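J.: The structure under discussion is supplied below as structure tokens; questions concerning it will follow.
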Amino acid sequence: ADTIRVGLPTKTYWPTTVAETAVRQKLFEKEGIQAELTIYRSGAETFEGMAAGAADIILDPPSLVSAGRKKGVMSRIVANAAMGNFGWQLMVPTKSTLDVKDLNGKKVAITAAGSGSDLLALWTIQDKKIDFTRVPVGGGGLVPNLLAGNVEAAVVYSPLSFQISKSGEAKTILDYASAVPPNLTAGWIVLDKFADAKPQLVQKAVNALYGAVGFMRANRDVTVKLIAELYEMPPEIAALEYDNTIMMLETSGDMGAAGVNAAVQLSLDLAKLGGLKDILPVEDVISTKFKPVPTQQ
Amino acid sequence: MSAKTLRHLIVIGLIVLWELLPRTGLIPELFLPSLSSTLIAGWTDAAEYGHALAVTLYEVVVSMAFACGGGILLGAIVGSLPRPRVLIMPMVSSLYAVPLVILYPVFTVWLGIGSESKIAFASIYGFLPTMLATAAGIQTIDPQLLLAARSMGATLSQRLVRVIMPAAIPTVLSGLRVGGALVIVGVVVSEMLISSAGIGYLISRYRTILDSPHVFAGVLLVLFLAITFNAAIRWIERKAAIWQTGTRAGHANDEMASGAMQPAT
Amino acid sequence: MQGTFAINLARIAIIVAILALWEVLSRTGIINPRLLPSASDTFVTLGDLLQRAAVQKDLMVTAAEVLAAFAMAVPFGAVIGFLVAENRYFADVAKPLLFFAFSIPKSIFLPMFILVFGVGFAQKVGFGFFSTIFIVIMSTTTAVESVKVEHLTVARSYGATPWQTAFRVYLPSMLPVLLEALRISMIFNLTGVILAEMYASRDGIGHQIATWGENFQMKQLLAGVVMVAAIAMTFNELVRWVEARCSHWRT
Amino acid sequence: MQPLANVTPLKPAARAGAIEVKNVGQVFRGRSQDVVALDDVSLEIKPGRFVVLVGPSGCGKSTLLMMMAGLRQQTTGTITISGAPILQPDPDRVGVVFQEASLFPWLTAEDNVEFPLALRGVPKAERRAKAQDALKLVGLEGFGKRHPHELSGGMKQRVSIARGLVQDPPVLLMDEPFAALDEQTRMTMGDELLRIWAATGKTVVFVTHSLTEAVYLADEVIVMSARPGRIVDHLQVQLPRPRTYEMLSGDAFGALRDRIWRHIRKSA
Amino acid sequence: MQPLANVTPLKPAARAGAIEVKNVGQVFRGRSQDVVALDDVSLEIKPGRFVVLVGPSGCGKSTLLMMMAGLRQQTTGTITISGAPILQPDPDRVGVVFQEASLFPWLTAEDNVEFPLALRGVPKAERRAKAQDALKLVGLEGFGKRHPHELSGGMKQRVSIARGLVQDPPVLLMDEPFAALDEQTRMTMGDELLRIWAATGKTVVFVTHSLTEAVYLADEVIVMSARPGRIVDHLQVQLPRPRTYEMLSGDAFGALRDRIWRHIRKSA
Ligand SMILES: Nc1ncnc2c1ncn2[C@@H]1O[C@H](COP(=O)(O)OP(=O)(O)OP(=O)(O)O)[C@@H](O)[C@H]1O
Ligand SMILES: Nc1ncnc2c1ncn2[C@@H]1O[C@H](COP(=O)(O)OP(=O)(O)OP(=O)(O)O)[C@@H](O)[C@H]1O
Ligand SMILES: Cc1ncc(C[n+]2csc(CCO)c2C)c(N)n1
Ligand SMILES: [Mg+2]
Ligand SMILES: [Mg+2]
């Protein structure tokens, strides 16, 4: 059987849950293919992995596809994975009295300059008409620096955001899932070359992945248990992750659906804030060739 | 062909490859942008890079003082006094075995996210190799020389400055090279991990948005730092060579010694 | 013998003091225990982690990668370092270039290794090798500088072959400096492999550590770091043991 | 060869220059077994005496000198120099010329000679002058700018002697200083040494393997035996001073030389 | 002291052991000025001769030996050993005992002696036996397991001699091998050396500062002068062999010694 190599940006990010579910529920096998999951350090690294030929299908935001094409890495989004920043929150320590407006002139932690968290921070600056310093501290530096008071606030991803708000260490002052207008935050991406050479394989892979989304929606207990196991976290937090991110994921993935183009455009526009130059037109970064047919259990 | 010519040819070769490999598509531009596009990227944002270089340079210089100064001093003490050596050395090299890069994000909690944490990290990073090389170099000193100095009433500090240092100078300088290079790497890497200023910050920011020409423009600046540092070391080496004749480096000019090396090649 | 005993005692005392300080700082809340879990908690977590089959497998994978990278980088780097130190021509050509290569943060090149090796054992070993080779070269050069010319002359007068000179004169003279180099190289090697695992991987302890860090699992993160440090320290002690056996002729 | 211009006469301190060695033993702890290098050595040297130490190779002469210099602690017994025990090197009391030249390879010959003066902060001009005088004295005028590796074995040894002389301590310990010298240079240097000694009233302890040299130079000759090192004879050389080469063929000289020779032959 | 059991007689090769030095000069390039260490030295040594080289300190004896050993290239002229020019060290033709002991500090005395044999791949048992014999010969039986730093100056020099002997090459170059030895040991070792030389037919070039030793050991004595190093005399010592201590006081001996002495006195 053909093997599809799936590139995932970080382990504690929902795409890993999706892909793991597909593997554990043998959805790839049902499609007659095999999957090999590789975890990368973050979004950019995942994209580099695909460009280097080490991954066949990856999950990343549209901005990287646009930037990649500029650098001669020809790829497209083949399936729409999420239309919002689910689980992303602007957080302050619980005892802090600061609100979003009060962050003017303060320091806010992000994971890396130009990353998803940076875009959200920039969006906040623009949308709330305030100015603060964005301090890149890496994924591992977010909570420690927030709790130590080196920064006044942090843009935190899920399920870390749920974890520290549940533990009472931090509280949310802005929930990006609802605050930011719907835009295509992440999609499944393949190289044009690969899509042309093995369209069947790509189709089967997206079928399995969306089959997994369907399975997860239908099987709360199993999924919560899986999240708890994968992320090494208590079931309560896994449940929050399930309710607030997994349940929000796109179920069809169809890039041809109405509103998708506008959502991609918005996503690219947001990326401009982060310093991305010469953004390509939407048509160049998406492909409508593959419409996922979720694999049934 | 003289060594210098060959080296220059290699450098020119590397430059040509750097331009051609990406242009011909043998290496995707994402991984290695051509030299020209790198230079253009750097030139376009020269002001930004200049500012970053100032920040990094400051951190490198301060760390260098800590790492090299401290490393040589402690290495000299530890290398010349057996008791502290057997006690301290194993502890120090064991502590160095803790993979600090991984803990760096946590360290910033206490050291802050500004220059201090970079300086601390880079100093530690460059300190041990300098210290170990110094200590090891000192241990290989002919004990007879120390005995002679002692008989003439040399105090510990006199022995350190007048005997141990000059005798260990080749080893210490090589240690300094390693330590200094690590300081540069340490500053840049810690900037890449956590910071909002400096060359490392720019590298990692441009990397996140796949802007490889700007990434490599940053790398070029790091290279520039290394070249500057290398020039400084060579200057010291030349100064040192004057009073170092007769030790190994001095002998190397001798046909006898260079003859000795022939079979090894 | 009495001296060694006293020194071991002092060493143990220092270790105990460090652990006690760690424990007290954390327990009394002088340092937020969420940011620095106590020593005892960390070691309990370490015990738990070591029980897990997955962690055991990750450790094995990482160990294999580290050993492979080390086994290649050390001899290869030592030979190059030797040539650089002993051959003027080669030194003039290569020394500055090697130095510049050494001064660049290696992680920039992580994608190149994926490009060449894909993601897997070879890529980790390759990057581990790449992270280690320069320090081995530079340290070997340092070590060679400590060899005495008179000893080389004696060996030459007996018609020693290059190999014999290398093994019977260079090696024993350089040993103390070389063993230090070996220690540092191992740390670089370990860090290199772990960075490569953090960058892209399917298994390995670096992969786990990355996840624990991003997930703010401080106990696990610290335990993981202790694990890696323990490996490096064990190696350190091994080298020290060899050193003690070989360097008794020094006074 | 020129006289050393600036030798200062010894200040008449009470027991300055006296050496007392009492029941001194030295045991080297080895891996497998211990080596008794010296076993219960006692000896007394009055200030201003020229004492020569002879004995077979490995009998402990260098070890004894190292202990007198405070460079090695004896296992048992006490050593007193100028009335006070010597526990560590003290250049104001004792100077040493080592058996192995032990020059600093990175210093020129003159810088090597200046070294002990530099340690004491003697001004540059003064120490340069002293070093030049000392180098002239050992026949190395014009070699001051050379590094040790550019000198022959005998030249290195002479630089080392110059370094010892320039320190000008009340007690001078010399471990086979003339071993690498040709007979002519050796004689000249011996005469120079006697001249300096007579002018300054230093106490000199001198190790040599040449019995002729021993008798020619000494007020007293101490003969040691090997394994374990012990003193087997302590001769007074009553020959008049200044010594002359004619004495070498005299009967008194021959008798002393023979007496030492018999000891050495027995114990080597 | 015991005879060296396994000295093999020299194979009667055509000119094995012959040494020819033709118009050899050595100039050391210095920073400020060049040093002419040797100036146009020519000399011919027939196989199996025992040749002693004497001359004032720094006249170029060691330099000449280093060139004969192929360890240093002459600036001008040619040196031929056993009929072929020597351009690099060749242990099958020439062995060297260095002026400074230069033992490997990390090897024990016996391992140091075995070193040249180990290089040639001589089996362990055989080289151990040879090393033991050589150590016994130099009076260091029982010191084989010591490291150099545990030996006295004279003992180190004897280990170095043992290392030179164990190689057993047709030409043996010895640079002041007995300088650090007491007179008794020196004599015994001289006799041993003569015995080995007579039994093996080696060519020996021997540097010493002792004129008595020179005449006692030599077939020929070559006298050098200093700055620049030149050969000023080449004497044939016609005294019968084996040499005895009685000869030392004979007239022929005295005359030869005097003749050398006059050269040395002039040039030192
Ligand atoms: N560090 C040491 N460890 C063990 N034994 C030692 C050490 N130093 C010297 N010895 C032993 O002590 C004895 C005396 O040595 P010492 O150097 O004093 O002799 P010496 O009389 O100066 O001989 P020489 O005339 O050959 O220089 C020797 O047997 C030597 O092997
Ligand atoms: N590497 C060198 N560079 C410059 N000059 C040198 C070098 N080696 C030796 N010389 C000079 O060459 C001359 C001869 O030296 P050499 O060592 O051959 O003398 P020697 O006859 O062996 O003396 P000694 O009896 O003192 O050992 C000396 O004047 C010395 O200073
Ligand atoms: C340390 C860390 N950083 C970011 C994320 C989330 N995340 C990973 S890749 C990516 C963008 C590409 O889609 C996002 C938002 C995480 N889980 N852990
Ligand atoms: Mg001695
Ligand atoms: Mg000589």
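J.: Rank D:Phe178, D:Gly83, D:Val205 by how far each Cα sits towards the positive end of the charge dipole of chain D (+1 on Lys, Arg Cβ; -1 on Asp, Glu Cβ) and give me just the farthest.
T.: Farthest towards the positive pole: D:Gly83.
J.: Something else now. Give me the log10 of I(q) over I(0) for the protein assembly as shown at q = 0.05, 0.06, 0.07 Å⁻¹, as the Debye formula computes it from C-alpha points; what are the numbers?
T.: The Debye formula, applied to the Cα set alone, gives -0.49, -0.66, -0.81.
J.: Report, for D:Arg262, each distance to the same residue's label point in the other copies, shortest first and in nm; define the point 7 Å along Cα→Cβ.
T.: Computed spacing set for this position: 3.8 nm.
J.: Now a separate question. Students often check this: by mean Cβ neighbours within 10 Å, which of D:182-189, E:200-207, C:186-193 ranks highest, and how do the rest follow? Kindly include the intermediate steps, with their values, before the conclusion.
T.: On the way: D:182-189: 21.1, E:200-207: 23.6, C:186-193: 27.0.
Put in order of decreasing packing, that is C:186-193, E:200-207, D:182-189.
J.: Quick one: dipole size for the stretch D:124-268, taken about the Cα centre, charges +1 on Lys/Arg Cβ and -1 on Asp/Glu Cβ, in debye to the nearest 20. Write out the running numbers ahead of the final one.
T.: Numbers: 22 positive and 18 negative charges, 95 e Å.
The dipole magnitude comes to about 460 debye.
J.: Same structure again: Using Cα pairs closer than 8 Å and at least 6 residues apart in sequence, work out the relative contact order for chain D, in percent. Please report the intermediate quantities before stating the final value.
T.: On the way: 523 pairs, mean separation 71.2, N = 268.
Worked out over chain D, it gives 27 percent.
J.: Now for a separate question. Using the Cα centre of the stretch D:142-243 as origin and beta-carbon charges of +1 (Lys, Arg) and -1 (Asp, Glu), tell me which of D:Ala218, D:His149, D:Val159 is placed farthest towards the positive end of the dipole.
T.: D:His149
J.: Hey, what did chain C get for relative contact order, percent, Cα under 8 Å, at least 6 apart? Don't jump to the answer; show the numbers that get you there.
T.: On the way: 244 pairs, mean separation 60.6, N = 251.
Result for chain C is 24 percent.
J.: Nearest 100 Å², what total accessible surface is buried between chain C and chain B (probe 1.4 Å)?
T.: On the way: alone 14940 and 15390 Å², together 24000 Å².
By this definition, chains C and B bury close to 6300 Å².
J.: Across peptide E:145-155, how many C-beta atoms of other chains are within 10 Å of each residue C-beta, on average?
T.: Numbers: counts 4, 5, 6, 1, 5, 7, 2, 11, 11, 10, 2.
What the average comes to for E:145-155 is 6.
J.: Just to confirm a number: summing +1 for Lys and Arg and -1 for Asp and Glu over residues other than E:Leu194 whose beta-carbon lies under 15 angstrom from that of E:Leu194, what do you get?
T.: For residues surrounding E:Leu194, the net value is +1.
J.: Which angle between 0 and 90 degrees, to the nearest 10, do you get for helix C:88-103 versus the longest principal axis of chain C when only C-alpha atoms count?
T.: It is inclined by approximately 10 degrees.
J.: Within 10 Å of each candidate Cβ there may be at most 14 other Cβ atoms; applying that plus a DSSP loop requirement, which GluC sites (Glu not before Pro) in the stretch B:1-53 survive? Don't skip to the answer; put the middle values down first.
T.: Values: sites: B:Glu19, B:Glu29, B:Glu48; in loops: B:Glu29.
Answer by residue number: there is no such site.
J.: Show me, for the stretch D:159-165, the HN-Hα J-couplings you get by feeding each phi into the Karplus relation (A = 6.51, B = -1.76, C = 1.60, θ = phi - 60°), rounded to Hz, glycine and proline as x.
T.: Result, ordered by residue: 4, 4, 5, 4, 4, x, 5 Hz.
J.: Taking the label point as lying 7 angstrom from Cα along the Cα-to-Cβ axis, what are the distances from D:Thr244 to the corresponding position in the remaining copies, in ascending order and in nanometres?
T.: The projected label point of D:Thr244 is separated from its counterparts by 3.6 nm.
J.: Suppose only helical runs count, i.e. DSSP H with n ≥ 4. What mean residue ellipticity at 222 nm does that imply for chain E under -39500 (n - 2.57) per run, divided by all residues and rounded to the nearest 500 deg cm²/dmol?
T.: Details: 7 runs with 90 residues, N = 268.
One gets -10500 deg cm²/dmol as the mean residue ellipticity at 222 nm.
J.: Could you work out the relative contact order of the stretch A:112-252? I mean the mean sequence separation of Cα pairs under 8 Å and 6+ apart, divided by the number of residues, in percent.
T.: Numbers: 69 pairs, mean separation 27.0, N = 141.
Over the stretch A:112-252, the number comes to 19 percent.
J.: Order the peptides D:88-96, C:174-182 from the highest to the lowest mean number of other Cβ atoms within 10 Å of their residues. List each step's numbers first, then the result.
T.: Working: D:88-96: 20.4, C:174-182: 24.3.
So the order, starting with the most tightly packed, is C:174-182, D:88-96.
J.: Right, another one. Provide, as a two-decimal number, the C-alpha radius of gyration of the stretch D:100-168 over 2.2 N^0.38 Å, N being how many residues it has. All intermediate terms of the calculation are to be shown ahead of the outcome.
T.: Details: Rg = 10.5 Å, N = 69, 2.2 N^0.38 = 11.0 Å.
Its radius of gyration relative to the 2.2 N^0.38 Å reference: 0.96.
J.: Here is a follow-up. Kindly provide the pair-distance distribution of chain D built from C-alpha pairs, with 5 Å bins from 0 and whole-percent values in order of increasing distance.
T.: It works out to 1, 6, 13, 17, 19, 17, 13, 9, 4, 1, 0, in whole percents.
J.: Just name one of C:Leu25, C:Leu50, C:Val61: the one whose Cα is farthest towards the positive end of the charge dipole of the stretch C:1-73 (beta-carbon charges, Lys/Arg +1, Asp/Glu -1).
T.: Of C:Leu25, C:Leu50, C:Val61, it is C:Leu25.
J.: Straight-line reach from A:Lys30: which lysines have a Cα under 29 Å away, not including same-chain ones fewer than 8 places off?
T.: A:Lys11, A:Lys193, A:Lys198, A:Lys204, A:Lys225, A:Lys289, A:Lys291, C:Lys57
J.: For C:Leu19 and D:Ala129, FRET efficiency with R0 = 60 Å and r from the beta-carbon atoms, rounded to 0.05?
T.: Values: r = 62 Å, r/R0 = 1.03.
Efficiency computed from Cβ-Cβ geometry: 0.45.
J.: Turning to a different aspect of this structure: Counting only Cβ atoms, what residue of chain D lies nearest to the axis that sends chain D onto chain E, and how many whole Å off?
T.: Measuring from each Cβ to the axis, the minimum is at D:Ala179, 2.
J.: Taking a ≥ b ≥ c as the square roots of the Cα gyration tensor eigenvalues, with a/c under 1.5 meaning rounded and otherwise prolate when a/b beats b/c, else oblate, which class fits chain B?
T.: Oblate, since a/c reaches 1.5 and b/c is not below a/b.
J.: Give me the inter-chain shielding for A:19-30: mean count of other chain Cβ atoms within 10 Å, whole number please.
T.: Numbers: counts 0, 0, 0, 0, 0, 0, 0, 0, 0, 0, 0, 0.
Partner Cβ neighbours, averaged per residue: 0.
J.: Given +1 on the Cβ of Lys and Arg, -1 on the Cβ of Asp and Glu, and no further charges, what dipole in debye does chain E carry about its Cα centre, rounded to the nearest 20?
T.: Approximately 340 debye in magnitude.
J.: Sorted by mean Cβ packing within 10 Å, highest first, what order do the peptides A:62-69, C:194-201, B:216-223 take? Could the numbers behind the result be given before it?
T.: Values: A:62-69: 25.6, C:194-201: 27.5, B:216-223: 22.9.
For the peptides A:62-69, C:194-201, B:216-223, the packing ranking is C:194-201, A:62-69, B:216-223.
J.: Rounded, prolate or oblate, given the Cα gyration tensor of chain A, with a/c below 1.5 counting as rounded? Can you show the working numbers first?
T.: Working: a/c = 2.02, a/b = 1.38, b/c = 1.47.
Taking the square roots of the gyration eigenvalues as a ≥ b ≥ c, chain A is oblate.
J.: Hey, what D do you get for the stretch C:41-249 in µm²/s if you plug the Kirkwood alpha-carbon radius into Stokes-Einstein at 37 °C and 0.692 mPa s? Don't skip to the end; give the middle numbers.
T.: Values: Rh = 18.6 Å.
It comes out at roughly 176 µm²/s.
J.: Roughly how big is the stretch C:41-249's charge dipole about its Cα centre, with Cβ charges of +1 (Lys, Arg) and -1 (Asp, Glu), in debye to the nearest 20? Please list the in-between numbers first.
T.: Details: 14 positive and 14 negative charges, 72 e Å.
Value, rounded to 20: 340 debye.
J.: Using a label point 7 Å beyond Cα on the Cα-Cβ vector, give me the inter-copy distances for E:Gly142 in nanometres, one decimal, shortest first.
T.: Shortest to longest, the spacings are 5.2 nm.
J.: Per residue of B:212-218, count partner chain C-beta atoms within 10 Å of its C-beta, then hand back the mean as an integer. Display every interim value, and only then the final one.
T.: Working: counts 6, 1, 2, 1, 1, 0, 2.
Partner Cβ neighbours, averaged per residue: 2.
J.: Could I ask something else about it? Out of C:Gln217, C:Gln51, C:Gln123, any idea which swings most in a Gaussian network model of chain C, alpha carbons joined below 10 Å?
T.: It is C:Gln51.
J.: Round to a whole number: what % of the accessible area of the stretch D:100-168 belongs to carbon and sulfur, probe 1.4 Å?
T.: Working: 1060 of 2050 Å².
Roughly 52 percent of what the probe reaches on the stretch D:100-168 is carbon or sulfur.
J.: Could you check the simple spin-label distance between D:Asn23 and D:Thr80, using points 7 Å along Cα→Cβ, in nm with one decimal?
T.: 1.4 nm
J.: Relative to the longest principal axis of the C-alpha atoms of chain D, give the angle of the C-alpha long axis of helix D:251-267, reported between 0 and 90° and rounded to the nearest 10°.
T.: Tilt relative to chain D: about 70 degrees.
J.: Over 26 Å between C-alpha atoms is what I'm after, so list which of A:Lys70/A:Lys272; A:Lys70/A:Lys107; B:Lys4/D:Lys145; D:Lys46/D:Lys266; A:Lys129/A:Lys171 land there.
T.: Flagged as over cut-off: A:Lys70/A:Lys107; B:Lys4/D:Lys145; D:Lys46/D:Lys266.
J.: Compute the angle between helix B:82-96 and the longest alpha-carbon principal axis of chain B, please, reported from 0 to 90 degrees and rounded to the nearest 10.
T.: For helix B:82-96, the angle is close to 10 degrees.
The values are calculated or read from the model by the stated rules, or taken from the named source; none is laboratory data. It should be emphasised that the depicted structure is a prediction, and the values quoted were computed from it without experimental measurement. Please note: Cβ atoms are built from the backbone with ideal geometry, for glycine as well, and neighbour counts cover all protein chains shown. Note: accessible area is taken over every heavy atom of the protein model, side chains too, but ligands, DNA and RNA are not part of it. Shrake-Rupley method; radii C 1.70, N 1.55, O 1.52, S 1.80 Å.
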